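The values are calculated or read from the model by the stated rules, or taken from the named source; none is laboratory data. Only a predicted model underlies this, so the values are computations on that prediction, with no experimental measurement involved. Methodologically, a virtual Cβ is constructed for each residue, glycine included, from the backbone with ideal geometry; neighbour enumeration extends over all protein chains shown.
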Amino acid sequence: MLIATVTFTAAFTMPRGLKSNGTAVLYGEPSFQVFLLFDALSFFLSILLVFHHFMVATVSGALVAAPSIFIQYSHFKQQS
């Protein structure tokens with residue numbers, strides 16, 4: 001999730017800043033286009049990875065079973 005946050009922020013803080021009209025200073029440069037491409041790719045892949053992690057945890061029952069374990073533990077502690 002941290003990588004997604006950093007890549008999202010990098011899309012709005014352009015390298016070398018912005019011109020007075022709001023466009024990036026490096027607009028049109030090949031290196032800037034490569035930066036945007038890899039920034040978008042890393043953002044997409046990090047969001048996909050987070051989504052995949054939650055889907056696997058939900059399907060395997062790790063997230064579904066966790067609350068019931070806590071309820072059983074707290075119920076056991078109260079009976080003692």
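Observations on the model:
- Filter result (among the hydroxyl-bearing types (S, T, Y) and in a loop (DSSP other than H, G, I, E, B)) within region 16-39: S20, T23, Y27
- Counted residues, region 2-35 - those being without any contact (Cβ under 8 Å) to a residue 24 or more places away in the chain and under 14 Å from S46 (Cα atoms): 4
- Here Q78 clears all of (1) surrounded by 10 or more Cβ atoms within 10 Å (Cβ to Cβ); (2) in a helix (DSSP H, G or I); (3) at pLDDT below 80 except the condition numbered (1).
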